[in-house]
Every structure is written in C-alpha cells, then in structure tokens.
Amino acid sequence: MDETSSSIVSTQEMGDLVFASSQGLDILTNRLAELIGFPVLISNSSKEVLAASFSNYKFNIFKVKKEHPAEKEDRIFQCTILAESFRSKAVGQGIVYGGRIIGYLFVLFDQESFNFPIHIPVLDFAVSLFAVHLQGYLNVLQEKTNLKQAFLHDLLYGNIKYREEIFTKGEIWGWDFRQPFSIFYLLFYNSDGSRPAENSLDSFLKMVEKVFMDTFHQNPTIFTKRNEIVIFVPEIQGDKQKKFSFTQDILSQAKLTDLKDQIACGVGQSYDMATDLFRSYQEAKVSCDIGTLLGISIPFFSDLGLERILYKHDLQDLKEYYIHILGDLHRSDDEESSLFKILESFADHQFNLSSTAEANFMHRNTLRYQLKKIENILGRDLNNPNVQLDIIAAIKILRLHKLDIAVDIDLRNFLGAD
C-alpha cells in the first residue's frame, strides 16, 4: 500500500475495525495490529495494560519515556515503553473521551522503523472505537467502585449491625471479615487546606495497593473519601512489627512523591468483630490528630496513654485543671528565668536531674536551684509521684490543645488582671 492510498481509511478497513469492535476490546486490538503490521498495546490513563496483541509481555503496568516531553498526548507522540526487563520503542496516542484522556494506544516497534504518518488516519479511527470501549469499562468500574465504597462507608460508620451481612458482602469483593482487622488512616492536605491533586492521590493509592499485597498477600480492603485513604489491615497474632513495617513502607514511599509534606496518619486498635471496626476508624483518626500535634510519625492508638483521655475531655475543664496545676508558675515566670521551660524539660526527662541538666547544658546545682524556685512557687514537692503525674497531665493538655493563647486569656481572668 503506497503513501497516497494510505492517506485515508478505506471502507474495508473501517468495516473490519467496526466489526472487530463489536466483538470486544481484545479482538479490536488484534485486528488493528494486523492492519498496520505492528504490535498494539492498549492501557488506561495510569499505564495499566488493558489489552495487547502480543503475548510475550510479563507486566501489568509500565512507564512511558517520551522523546519530546512537551508533545501533547492527545496527538501521536514518540516514546519508549519500560517495564521491568521489557523495553520497546513505540508511538502513542491518547484515547480521549469527553475532553479528557482515559487511556492510551501504543504501537510498538523495535528492530524496524514504523512509518507512522501513513497510518495516522487508521489510528485516529481506531482511537475513536477504543474510546467507546474504555468509557464503558470505566463506567462499569465506577459502578462497582461506588457499590464497594458504599459498603465500606457503612462499615466504618457502624451502619451495619449484623456480622453475617458483613461477611456475605465482603466475600463479593474477596474480603474475609471473619479475621480481625485494625484501621490505618491516611490524611492528605495542602498547606492552604485544599485537597491534593487527583492524579497524585490515584498514583499513591495504586502504590498502597501494591505494598499491601506484597506484605499481606491478600486482596486489599481500602476506602477512599475526598482527602482520606482508609486501609483495613489484617491482624497477625502477636506480630505488631509487621503492621508497623507496613505503615513505615507506605510513608517511605510517600516521601518519594509530591505528597511527602502533605500526609499524616494514625492506627486504630484491632477488633475481632467486624461490627466494631467503626471504633478502630475513630481511634485511627484521633491518633492522627494527636500524632500531628505531638510530632509522632506513626501514632498507634494502643500506645497513647493520657493523651487519649485528655484529647477527648471537655476543653474548659482541662483549662481549669491546667491553671490549677501550673497557673502560679505562669504568673511568676519570665523570659529570662524560663522556669516553665525548665519544668517542661524536667518532666520530659522523667524528672531525672542529671539527664535534664545535660540536655539543657546546665550545672546540676544551677538546676537544683531553679527547681527549688519552682517548688516554692507551686507549693508542691517535685519528688512526689502524684505531683509529677499532675504536671505531666498539665503539660500534655498544653501541647494537645495549643493553649498558649487561651491559657494567657484564662490566666488573666483567673488572676484578676486587667
């Protein structure tokens, strides 16, 4: 076929492609490959293989390196396809539906060159047929996803009361809710409070699924909601380290993406009863909040002590408790003496004189003198375990609820200041 006769799609070619399209995506892919004489690969927008005219590939997902990065993907572009040990030159074209790219068509060539200009008409026509298939695929996928997400939403919010219903619905998607689970909660945010880019979250979610399957060898149970990803982590008896390693792997992978500074997390407790998983979800969210406030990278709810109680308690009551314990110290303190910072450091070092002095580059006698001043102001013995517990609780209240401004206002009211 010469270049002139290939400048348009022949009626025969159109008929062949339309008939192949009516028989399914795989048949259409193979027929296009036969017409142009080169292997064809069809993928979704995330570069996951949906159909291929060749069987010697061992990959489900691949990367594309464009020869000219500035080229638009809704037009034909030259590139190299990379996947594990597979490598091939190719020309690609975005499959567009409704003004957005929903997939890609790639024509592969390696040893011999591909004179793609003469095939542009047939490729353009084929792309229009592939667009219909991919949009149908996406519609079915979205419907399944909506049903799946609705079920997980009801499970996480305690709307399903009967275990058998949970077991039956879970089995539809290959999930075994007869085993214990805990919830691993991920929250994504931008500095301006907006939601991160959709494609960044989609890519991250695919990575999470891969790490999950590599770690637990199970079909991942994952719920997504706006800027949240909620992972149901199967409990392995006595192996908390595996759960910790999994969460570490996820956060380590996140640091390699543009989401590295936009992620916080929390881990709830494990529950044997699927009807109790909403508790683990709430615990994971609380852990995430507390971890963000206290700078804990992977906060497990089971490892939180007083924080669990203080975080949920009535704020006004906590302020009054704080003022009762440390109010006099705030009234007497100043920037030069920094008695509160000394007491805070003393508490952080388990009320150990030597480690506190070393951490603050102070002589032990100087520290003793400062601590004696604090005791006189508070009228409390800092060696008394009950006093130490009160001080620890007060400091945790300050950190958890960011009371620096509120405490100042309350202190002035409390002390009768103008």
Are there any strands (runs of 3 or more DSSP E) wholly within the stretch 73-157 with 2 or more residues that are among the aromatic types (Phe, Trp, Tyr), and if so which? 86-97, 100-109
Filter the stretch 238-285 down to residues that are within 25 Å of Ile160 (Cα to Cα) and of a type in the set (Phe, Trp, Tyr) and give me whichever is least open to solvent (accessible area, probe 1.4 Å). Tyr281
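Yes/no matrix, rows are residues, columns are (1) of a type in the set (A, V, I, L, M, F, W, C); (2) in contact with a Lys or Arg (Cβ under 8 Å, 6 or more places away or on another chain); (3) within 24 Å of Asp314 (Cα to Cα):
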position: Leu339; (1), (2), (3): yes, yes, no
position: Ser345; (1), (2), (3): no, no, no
position: Leu371; (1), (2), (3): yes, no, no
position: Glu375; (1), (2), (3): no, no, no
position: Asp381; (1), (2), (3): no, no, no
position: Pro385; (1), (2), (3): no, no, no
position: Arg399; (1), (2), (3): no, no, yes
Of the residues in the stretch 39-70, how many are surrounded by fewer than 14 Cβ atoms within 10 Å (Cβ to Cβ), out of contact with any helix residue (DSSP H, G or I) (no Cβ under 9 Å at 6 or more places or on another chain) and not hydrophobic (A, V, I, L, M, F, W, C)? 10
Report, by residue number, each residue of the stretch 188-204 that is at pLDDT 75 or above and open to solvent by 40 Å² or more (accessible area, probe 1.4 Å). Tyr189, Asp202, Ser203
For the stretch 28-69, how many residues meet the condition of being assigned to a loop (DSSP other than H, G, I, E, B), over 26 Å from the mean Cα position of the chain (by Cα) and touching a residue at least 40 places away in the same chain (Cβ under 8 Å)? 3
Phe130: under 12 Å from Leu41 (Cα atoms) and surrounded by 16 or more Cβ atoms within 10 Å (Cβ to Cβ), yes or no? yes
Taking first residues from the stretch 148-172 that are of a type in the set (Val, Ile, Thr) and second residues anywhere that are surrounded by 14 or more Cβ atoms within 10 Å (Cβ to Cβ) and not in a helix (DSSP H, G or I), the pairs with Cβ under 6 Å that are 6 or more apart or on different chains are Ile166/Ile160; Ile166/Phe177
Does Tyr311 fit the bill of being buried (at least 17 other Cβ atoms within 10 Å of the Cβ), at pLDDT below 90 and farther than 30 Å from Ser245 by Cα? no
State whether the residues of the stretch 92-112 include one that is over 21 Å from Tyr137 (Cβ atoms), buried (at least 16 other Cβ atoms within 10 Å of the Cβ) and in contact with a Phe, Trp or Tyr (Cβ under 8 Å, 6 or more places away or on another chain). yes
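The values are calculated or read from the model by the stated rules, or taken from the named source; none is laboratory data. Since the model is a prediction, treat every value here as computed from it, not as a measurement. Please note: Cβ atoms are built from the backbone with ideal geometry, for glycine as well, and neighbour counts cover all protein chains shown. In case anyone asks, the SASA skips ligands and DNA or RNA and just uses the protein heavy atoms, side chains included. Shrake-Rupley method; radii C 1.70, N 1.55, O 1.52, S 1.80 Å.
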